[in-house]
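S.K.: Shown below is the structure under consideration.
Since every read-out is calculated from the coordinates, none of them should be taken as a lab result. All values derive from a computational prediction rather than experimental measurement. Note: ideal-geometry Cβ built from the backbone for every residue, glycine included; neighbour counts use all protein chains shown.
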Amino acid sequence: MTSKKINKELKKKSATELGSEAERLKKELFDIKFKHATRQLANLMSIRKTRRDLARALTFKTQAERPAQK
């Protein structure tokens with residue numbers, strides 16, 4: 001999935017949904033790092049992708065929680 005599609009998907013979610021998405025991604029990142037440490041991970045790019053998806057989710061969560069400032 002491209003980052004534009006992910007961004008559109010994340011913009012539609014509420015702050016609580018984004019929080020649960022961030023928790024899911026944190027667990028996924030932990031599992032990926034554990035597999036990497038035990039040499040069971042075939043695709044190293046999955047670490048980078050998951051880390052960036054987590055950052056996106058946390059960024060959109062912060063924006064959703066913060067009132068619109070102008």
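S.K.: Taking a label point 7 Å from the Cα of residue 65 along the Cα→Cβ vector, which residues of segment 36-57 have an amide N closer than 16 Å to it?
M.R.: Label zone hits: 54-57.
S.K.: Using only helices, what value at 222 nm comes out for the chain when you add -39,500 (n - 2.57) per DSSP H run of length 4 or more and divide by the total residues, to the nearest 500 deg cm²/dmol? Display every interim value, and only then the final one.
M.R.: Details: 3 runs with 53 residues, N = 70.
Value at 222 nm, helices only, nearest 500: -25500 deg cm²/dmol.
S.K.: Using the per-residue mean of other Cβ atoms lying within 10 Å as a proxy for protection, in what order, highest first, do the peptides 42-48, 54-60, 24-30 fall?
M.R.: Put in order of decreasing packing, that is 54-60, 24-30, 42-48.
S.K.: In nm, to one decimal, how far is the modelled label at residue 24 from the one at residue 2, with both set 7 Å along Cα→Cβ?
M.R.: Result: 2.3 nm between the two label points.
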